[in-house]
Amino acid sequence: GGVVAGSMDHGCTNCTHLKKYAADFLADGASFDINNAGGNGQNGVPNPQDDIPPTLATVPQQQQRIPGSARGYTHLAVMDGKSTTHKTCTMTTCEGSLVNYKNGHFCRDHLEMRKICGIIPCGRPVHSDGADTCDDETHKQWHQKYLDRFLCLSFPGVQCVIRRQALGNAPETDPSVHSELPELNGVSEENVTHTFRAGKTCCLQTVQWACGCPIGWGKCYCSESSSQVLKIINRIWESHSESRPSFLAYDDACNLLHHIVTQDPNSPWILSTELIVDAWHYIGHQASDILCRLWCNPAPTNGSQPDLI
């Protein structure tokens, strides 16, 4: 991951504007449904305290401007996971880069594992230099079938063979594609742990100001989990704590907020930034998710977030 130089000093009219208060709209004749933060005409949230961590208020309150204080500015950032991946070390939980990206499986720290049978937890040495398994015939045969599944076929060729086999009209001379591997010592294919292929990252997490100006990025290795996403934004703003955005829009902001407030109720993210779900993804979130409706709503109707109106 990293941070784009100069991005923390960026500010333009597409991502930054003067701070707004509910009083500004009330002065113009606007009215807010104080008891309904959820919007969409959904009134009467039952027992929200049952679903909200105790360290969060039950209902977000309207922010009042201190008379004579500077109005200040509001900054909006957007975060999203891109399905851009790359190979990593095959060892579970290892995030190391491959020594050989062409056909290697290991990082430098685990390079010696290439001398051990690729079937885990066998642990025996490979039967010869460059081999992937020990001299156990069942391991050698299973590995060969693993390699033979799509041997000498391009990806479009594999698709064509699978399609014709599904229709039942593939000639006998056609190559045969068996997408399932046999059991190994009573263990089904999906539960066989091996090191025959490299691992890969889950996604590339990017953060940018609402105008599109990039801020930083990071990699999610195992999954786009809240813990990994939190580590990424912590690293991005580690040396720029004063530049945290006023709002951070993210498709899974509600789970991220829940993770933050349960792990560290005094997290600076709770005090500095409102985590909201972007409008596109918010329509797909469950109306029964009280924390999402009250705290991550991109358009609350109770006036608690006038900057989003």
- Within 10 Å of each residue's Cβ, count the other Cβ atoms and sort Leu294, Leu230 from fewest upward. Leu230, Leu294
- Note on the structure: Looking only at lysines whose Cα falls under 23 Å of Lys82's and that sit 8 or more positions away or on another chain, we get Lys200, Lys219, Lys231
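With a Förster radius of 35 Å, plug the Cβ-Cβ distance of Glu238 and Glu137 into 1/(1 + (r/R0)^6) and report the FRET value to the nearest 0.05.
Details: r = 53 Å, r/R0 = 1.52.
The value I calculate is 0.10.
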- What nm value, rounded to one decimal, do you get for the distance between Glu190 and Lys102 when each label is placed 7 Å out toward the C-beta? 3.5 nm
- For Leu111 and Ala23, extending 7 Å from Cα along the Cα-Cβ vector and measuring point to point gives, in nm, a value of 6.7 nm
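What list do you get for Arg114, Arg65 if you sort them by fewest beta carbons within 10 Å?
Working: Arg114 19, Arg65 15.
If I rank by nearby Cβ atoms, fewest first, I get Arg65, Arg114.
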- Query: Quick one: Val3, Val99, Val187, fewest Cβ neighbours within 10 Å first, how do they rank?
  - Reply: Val187, Val99, Val3
- Query: Which distance in nm do the two modelled labels at Asp264 and Cys213 give, with both placed 7 Å along the Cα-to-Cβ direction?
  - Reply: 2.6 nm
- Message: I need the phi-derived Karplus couplings for the range 84-89: 6.51 cos²θ - 1.76 cosθ + 1.60, θ = phi - 60°, integer Hz, Gly and Pro marked x.
- Response: 9, 10, 8, 6, 9, 4
- Subtracting the Cα-Cα distance of Ser225 and Cys122 from 0.36 nm times their residue separation yields 33.9 nm
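So how much slack lies between Trp280 and Leu167, counting 0.36 nm per residue of separation and subtracting their Cα-Cα distance, in nm? Intermediate values should be presented prior to the final figure.
Working: separation 113, 0.36 × 113 = 40.68 nm, distance 3.91 nm.
My answer for the length gained is 36.8 nm.
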- Item | Estimated D of the range 74-126 in µm² per second, where Rh is the Kirkwood radius over Cα pairs and Stokes-Einstein applies at 25 °C, 0.890 mPa s | 183 µm²/s
- Would you mind getting me the FRET efficiency between Lys145 and Thr201? Use the beta-carbon distance for r and R0 = 22 Å, nearest 0.05. 0.20
- Note on the structure: The alpha-carbon center of the range 184-235 and that of the range 95-148 are separated, in whole Å, by 23 Å
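What does the net charge come to around Lys19 if you take all other residues with beta carbon closer than 10 Å to its beta carbon, with K and R at +1 and D and E at -1?
Taking every Cβ under 10 Å from that of Lys19, the sum is +1.
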- Message: Expected output is a single nm value to one decimal: the length gained when fully extending between Glu95 and Ala70, i.e. 0.36 nm times separation in residues minus the C-alpha distance. What is it?
- Response: 4.4 nm
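If you filter the range 55-134 for chymotrypsin sites (Phe, Trp or Tyr not before Pro), then keep DSSP loop positions with at most 15 other Cβ within 10 Å, what is left? Can you show the working numbers first?
Numbers: sites: Tyr73, Tyr101, Phe106; in loops: Tyr101, Phe106.
Those that pass, being in a loop and sparsely packed, are Tyr101.
A short reminder: the numbers here are calculations on the coordinates, not readings from a lab. Model, not experiment: these values are computed from the prediction. Note that each Cβ is placed from the backbone with ideal geometry, even for glycine, and that neighbours are counted across all protein chains shown.
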